[in-house]
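Peer 1: The structure that follows is given in the form of structure tokens.
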Amino acid sequence: MSRMRATLGLAASVVLLAGCADDASPATDWADGVCSAWDQLSSDLRALTSGLDGDLSGRLDAVQASAQDLVDAIADTPDGADEAVEDAQQELSGEAGDVRSGLDSVAQALQGLTDASSQDDVAAALSEAQDGLSATGQALTALGDTVGGYASAADDTLQQAFDEARSCRETRTGGTSS
């Protein structure tokens, strides 16, 4: 009988621990999605700028897909989100729009590079691509700074969400969970 109680107690403990393992709030899940998408876009953008060799068009497609994933993650606020989360969503949406605008400039410049018929056309397209990449990088950095600021925000829900989100912690610590 005592052995059976011990087994039931152990089973109950395992069930309780399993239930608590992913006890993140909807706001934390949202923040985690935003940080994860931001990190993926940053990685894809670094891959795009790693050189002009290889499949540049494919890398640009990956960056644009990651940018859309970021837009989608930002828009996916939890039902019943408080005002601070909704305000953050709107702020991040604007900054994600700046990222997308920069990427559109890059795509247009790369199309100009494909269509270039002279060295002057190539130089102009490369200059436009560099400008677009610079604008994209600045917008992505601003978005990352905004996300980082939420971890110390005055609003408790927002601060907790970004502070507890695993991908946000990993981004702040260079890839290792703190």
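The values are calculated or read from the model by the stated rules, or taken from the named source; none is laboratory data. On a predicted model such as this, the values are computed, not experimentally measured, just so you know. With ideal geometry, Cβ positions are generated from the backbone for all residues, glycine too; neighbour counts draw on all protein chains shown. SASA here: full protein model, heavy atoms, side chains in, ligands and nucleic acids out. Shrake-Rupley method; radii C 1.70, N 1.55, O 1.52, S 1.80 Å.
Peer 1: Quick check on region 115-135. Is at least one of its residues among the polar types (S, T, N, Q) and either touching a strand residue (DSSP E or B) at 6+ places or on another chain (Cβ under 7 Å) or modelled with pLDDT under 90 (or both)?
Peer 2: Within region 115-135, the subset among the polar types (S, T, N, Q) is 117-119, 127, 130, 134.
Checking the rest, the ones that are also either touching a strand residue (DSSP E or B) at 6+ places or on another chain (Cβ under 7 Å) or modelled with pLDDT under 90 (or both) come to none.
No: region 115-135 contains no residue that is among the polar types (S, T, N, Q) and either touching a strand residue (DSSP E or B) at 6+ places or on another chain (Cβ under 7 Å) or modelled with pLDDT under 90 (or both).
Peer 1: Out of curiosity, is residue 80 open to solvent by 50 Å² or more (accessible area, probe 1.4 Å), out of contact with any helix residue (DSSP H, G or I) (no Cβ under 7 Å at 6 or more places or on another chain), modelled with pLDDT under 95 and of a type in the set (Gly, Ala, Ser)?
Peer 2: yes
Peer 1: Residue under question is residue 93, and the condition is that it be surrounded by fewer than 17 Cβ atoms within 10 Å (Cβ to Cβ), at pLDDT below 90 and touching a helix residue (DSSP H, G or I) at 6+ places or on another chain (Cβ under 7 Å); does it hold?
Peer 2: No.
Peer 1: Another question about this same structure. Can you name every residue in region 148-162 that is closer than 9 Å to residue 88 by Cβ and under 15 Å from the mean Cα position of the chain (by Cα)?
Peer 2: Those that are closer than 9 Å to residue 88 by Cβ and under 15 Å from the mean Cα position of the chain (by Cα): 150, 161, 162.
Peer 1: Now for a different question. From 167, 105, 152, which residue is of a type in the set (Ser, Thr, Tyr), surrounded by 14 or more Cβ atoms within 10 Å (Cβ to Cβ), in contact with a helix residue (DSSP H, G or I) (Cβ under 8 Å, 6 or more places away or on another chain) and under 18 Å from residue 38 (Cβ atoms)? Break it down into steps so the answer makes sense when it comes.
Peer 2: On the way: 105 fails: under 18 Å from residue 38 (Cβ atoms); 152 fails: surrounded by 14 or more Cβ atoms within 10 Å (Cβ to Cβ).
Going through 167, 105, 152 in turn, just one is of a type in the set (Ser, Thr, Tyr), surrounded by 14 or more Cβ atoms within 10 Å (Cβ to Cβ), in contact with a helix residue (DSSP H, G or I) (Cβ under 8 Å, 6 or more places away or on another chain) and under 18 Å from residue 38 (Cβ atoms): 167.
Peer 1: Then there is this: Output the qualifying pairs, or none if there are none: Cβ atoms under 7 angstrom, residues six or more apart or on different chains, first residue in region 137-166 and in contact (Cβ under 8 Å) with a residue 60 or more places away in the chain, second residue charged (D, E, K, R) and in a helix (DSSP H, G or I).
Peer 2: From residues that are in contact (Cβ under 8 Å) with a residue 60 or more places away in the chain, the pairs are 143/95; 165/32; 166/32.
Peer 1: Can you spot a residue in region 47-69 that is touching a residue at least 60 places away in the same chain (Cβ under 8 Å) and over 15 Å from residue 107 (Cα atoms)?
Peer 2: No, there is no match, as no residue in region 47-69 is touching a residue at least 60 places away in the same chain (Cβ under 8 Å) and over 15 Å from residue 107 (Cα atoms).
Peer 1: Now for a separate question. In this structure, does residue 53 turn out to be acidic (Asp, Glu) and either in a helix (DSSP H, G or I) or modelled with pLDDT of 90 or more (or both)?
Peer 2: For residue 53, the condition - acidic (Asp, Glu) and either in a helix (DSSP H, G or I) or modelled with pLDDT of 90 or more (or both) - is not met.
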